[in-house]
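Student: One structure, as structure tokens, below. Some questions next.
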Amino acid sequence: MTSSDSNSYGAQDITVLEGLEAVRKRPGMYIGSTGPTGLHHLVWEVVDNSVDEAMAGHCKRIDITLLADGGCEVSDDGRGIPVDKHPKYEDLTAAEVVLTVLHAGGKFGGDGYKVSGGLHGVGISVVNALSRRVEVEIDRQGKRHAMAFGNGGELQERLAVIGDTPNNGTTEPRTGTTVRFWPDPTIFDEVEFRFQTLLERFQMMAFLNRGLEIRVRDLRAPTAPTDEPGETDEAEGWTTFCYEGGIIDFVSHVNSSKEALFATVGYFSGEEAIDDNPHEVEIAFQWNTGFNSDGLHSFANGIATLEGGMHEQGFRTAVTRTVNAYARDKGLLKEKEDNLQGEDIREGLTAIISARIGEPQFEGQTKSKLGNVSMRSLVEKVTNEKMASWLEEHPAEGKAIVTKATNAARARVAASDARKAIRSKSLLDGAGMPDKLKDCSAKDPARRELFIVEGDSAGGSAVRARNPETQAILPIRGKILNVERARIDKMLKNNEVQTLISAIGAGFGEEFDASQARYHKVILLADADVDGSHIRTLLLTFFFRQMRPLVEAGFVYIAQPPLYSTKVSTRETVYLKDDTAKDAFLAERPNYTKDFQRLKGLGEMDWDELRDTTMSVDSRSLLQVSVEQAAIADEVMSILMGDDVEQRKNFIVTNAREVRNLDF
Ligand code: 0RA
């Protein structure tokens, strides 16, 4: 059945189809890209509509299922999309309009949602335009209605009653909406959803929408088992996220692998209509004993504002002001002493700022910076008032915060001295490069690679194995300092850390400038054993904490020395990257009987073997390290670096797949 033989189409409907056609012609304009990020936007878009329904107080649970056949189903218990004829498009029902008219969503009918979730906010019609099939079921007014679309939004089965709504034992008939969609493979580079991405996002959404129950499951062919967060119901396969404490639970969660400075999680909120535009803010906070000052995570209308913005600015300003005023008032900061700086006060602070605003302005390179100036005033005002009362009501906590910030201020001064020492030192020795660095000769940073090699002996092999034009070698001995735990001044006294900073040549911390990096590939080369994995983790934490733009630019890689070798003849040894490669090798040679050797260390390979298997551009395979979500990554790195060995092990197992294969 096609649209032409089941429906009479008016002029309006043609305009409707032209609208969807525009989306198919320029998908990037609506969902950002046709890569994995754009593909997942489809899911976010559909779920955002259900979350809007929840925020309006009509929906308690959202179920998301990745279907065995590659589709995605989103089901909610909201009011259901209206099913009556639409006043403006008289031959279409409201539900048909929502699915086929751009920006229709929940905005029509006068009483649209006060604050709508999502940066995307483009409407489900965009999902329809970019899907090969969409099925919708609506439970409303005691009836189950259904409709279906195909080929990018053609109405194939018009909205019709297909039966009564299932009665779930209550007096009121069930209401709700189910949307099932199958992304169009002619639009997207790939149409496979990544379950882990869904889990991370929906856990975050559940934190940001207190009390909302979000369940997620994956009915596709099972892959390697993962350790999922949330409650997993084995029988049904659902992972459930539901937080009665909302962002208070979010803060506890982020701090769960750290040592809290005090047990309480602070919380306050405020709201105001500014120029008829509703503004709301909720803030939860707690200090831990750690030394990071980037534990501030902000959101606007449920979207992570990774580039910060006005809500963050307002909070920072007010926290600095309030804590200083408190410290002076209580005599914790003497008259002759300088004010504590913002970064001193924020050391160890984990805070979640969730702002909601009627008309958000998203700015910045990745449109993840909140631009509404009016939000800065509100957050600043609310924080000034409520943080001050909170401190008055929590004197023990207040004192602990000021003591910690005072120590941080002392460490800051010490670090600045250490920094000066490093600078003057690098000016003294020749080109300023450490002796241990065997540099390469190429001048263009884009062609230059730095191999950071564990141990002096492996370093020696790597020096012989390298291409001296493009490959530099820096041997690192011992375990570099755990930067999660060490304070910056201590860290800078560490020899290995000083060497690394000089070799890369782009500074560190807040001053780090990726455009000055002397290499566009920084490659970690460590053994495949437990010690190797530990040093790799420490190095990754260092890069994440002190050179994050280097990771964001995609300049950090992990080399993959082979796991197995086997002597196929007296003259030829074959190296195999991992178990998959070994299985493939055996599948091709059913009669192969020799035993495989498991390589333990780089030291077991000759330099030419190291070259051929791990370093040579022609034959190696590198993993590119990526940082997707700063908020999640922050937590993840802490888990990784925390004292909980079990958690750390789980992280390494579940996230082995996160790093993307590049040179293959
Ligand atoms: C328009 C108006 C109303 C609800 C919705 C749309 C709605 C859309 C979606 C999409 C997924 N789930 C949804 N739930 C509701 C208000 C309906 C009313 O006033 O009863």
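The values are calculated or read from the model by the stated rules, or taken from the named source; none is laboratory data. Because the structure is predicted, anything quoted here is derived from the model rather than measured. Neighbour counts run over all protein chains shown; Cβ positions are idealised from the backbone, glycine included. Note: areas computed on protein heavy atoms with side chains; ligands, DNA, RNA excluded. Shrake-Rupley method; radii C 1.70, N 1.55, O 1.52, S 1.80 Å.
Student: Restricting to the stretch 288-330, name every residue that is assigned to a helix (DSSP H, G or I) and either open to solvent by 40 Å² or more (accessible area, probe 1.4 Å) or over 22 Å from SER269 (Cβ atoms) (or both).
Tutor: Restricting attention to the stretch 288-330, the residues satisfying the condition of being assigned to a helix (DSSP H, G or I) are 310-329.
GLN313, ARG316, THR317, ARG321, ASN324, ALA325, ALA327, ARG328, ASP329, listed by residue number.
Student: While we're on this one: Keeping to the stretch 44-95, report how many residues are among the small types (Gly, Ala, Ser), within 12 Å of the ligand (Cβ to nearest atom) and in contact with a Lys or Arg (Cβ under 6 Å, 6 or more places away or on another chain). I'd like the intermediate steps shown before the answer.
Tutor: Just the residues of the stretch 44-95 that are among the small types (Gly, Ala, Ser), to begin with: 50, 54, 56-57, 68, 70-71, 75, 78, 80, 94-95.
When the remaining residues are screened for being within 12 Å of the ligand (Cβ to nearest atom), the result is 50, 54, 56-57, 75, 78, 80, 94-95.
In the following step, the residues that additionally are in contact with a Lys or Arg (Cβ under 6 Å, 6 or more places away or on another chain) were identified as 80.
Residues meeting the conditions: 1.
Student: What number of residues within the stretch 354-402 are open to solvent by 10 Å² or more (accessible area, probe 1.4 Å) and assigned to a strand (DSSP E or B)?
Tutor: 4
Student: Could you go through the stretch 298-317 and let me know if any residue there is in contact with a strand residue (DSSP E or B) (Cβ under 7 Å, 6 or more places away or on another chain) and aromatic (Phe, Trp, Tyr).
Tutor: yes
Student: Moving to a separate point now. Mind checking which pairs have a first residue in the stretch 180-196 that is aromatic (Phe, Trp, Tyr) and a second that is in a helix (DSSP H, G or I), Cβ under 6 Å, 6 or more apart or different chains?
Tutor: PHE181/VAL127; PHE188/LEU39
Student: Would you please list the contacts, defined by Cβ atoms under 8 Å and residues six or more apart or on different chains, that run from a residue in the stretch 88-102 that is free of Cβ contacts under 8 Å to residues at least 60 places away in the same chain and β-branched (Val, Ile, Thr) to a residue that is within 12 Å of the ligand (Cβ to nearest atom) and part of a helix (DSSP H, G or I)?
Tutor: Partner pairs satisfying both residue conditions: VAL98/ILE124; VAL98/SER125.
Student: Being more than 16 Å from ALA351 (Cα to Cα) and in contact (Cβ under 8 Å) with a residue 40 or more places away in the chain, is that true of even one residue in the stretch 243-251?
Tutor: Initial filter on the stretch 243-251 (more than 16 Å from ALA351 (Cα to Cα)): 243-244.
Of the ones still in play, those that are also in contact (Cβ under 8 Å) with a residue 40 or more places away in the chain are none.
No, the stretch 243-251 contains no residue that is more than 16 Å from ALA351 (Cα to Cα) and in contact (Cβ under 8 Å) with a residue 40 or more places away in the chain.
Student: In the stretch 57-72, how many residues are in contact with a strand residue (DSSP E or B) (Cβ under 8 Å, 6 or more places away or on another chain) and open to solvent by 40 Å² or more (accessible area, probe 1.4 Å)? Quick ask: steps written out before the conclusion?
Tutor: Taking the stretch 57-72 first, the residues in contact with a strand residue (DSSP E or B) (Cβ under 8 Å, 6 or more places away or on another chain) are 59-67, 69-72.
Those left that are additionally open to solvent by 40 Å² or more (accessible area, probe 1.4 Å): 60-61, 69.
Matching residues across the stretch 57-72 total 3.
Student: Moving to a separate point now. Of the numbered conditions (1) assigned to a loop (DSSP other than H, G, I, E, B); (2) on the phi > 0 side of the Ramachandran plot; (3) without any contact (Cβ under 8 Å) to a residue 24 or more places away in the chain, GLU172 fails exactly one; give the number of that condition.
Tutor: (2)
Student: Which condition from (1) buried (at least 20 other Cβ atoms within 10 Å of the Cβ); (2) at pLDDT 95 or above; (3) assigned to a loop (DSSP other than H, G, I, E, B) is the one that ASN339 breaks?
Tutor: Going through (1) buried (at least 20 other Cβ atoms within 10 Å of the Cβ); (2) at pLDDT 95 or above; (3) assigned to a loop (DSSP other than H, G, I, E, B) one by one, ASN339 breaks only (1).
Student: Looking at the stretch 475-498, which of its residues are touching an Asp or Glu at 6+ places or on another chain (Cβ under 9 Å) and modelled with pLDDT of 85 or more?
Tutor: So the first thing to find is which residues in the stretch 475-498 are touching an Asp or Glu at 6+ places or on another chain (Cβ under 9 Å), and the list is 475-481, 487, 489.
Hits for the stretch 475-498 are PRO475, ILE476.
Student: Among the numbered criteria (1) aromatic (Phe, Trp, Tyr); (2) farther than 21 Å from ARG61 by Cα; (3) within 25 Å of the chain's Cα centre (by Cα), which one does PHE149 miss?
Tutor: (3)
Student: Pairs needed: first member in the stretch 122-146, free of Cβ contacts under 8 Å to residues at least 60 places away in the same chain; second member anywhere, within 11 Å of the ligand (Cβ to nearest atom) and in a helix (DSSP H, G or I); C-beta distance under 9 Å; at least 6 residues apart or different chains.
Tutor: Between residues of the stretch 122-146 that are free of Cβ contacts under 8 Å to residues at least 60 places away in the same chain and residues that are within 11 Å of the ligand (Cβ to nearest atom) and in a helix (DSSP H, G or I), the close pairs are VAL134/LEU99; VAL134/ILE124; VAL134/VAL127; VAL136/ALA95; VAL136/VAL98; VAL136/LEU99; VAL136/ILE124; ILE138/ALA95.
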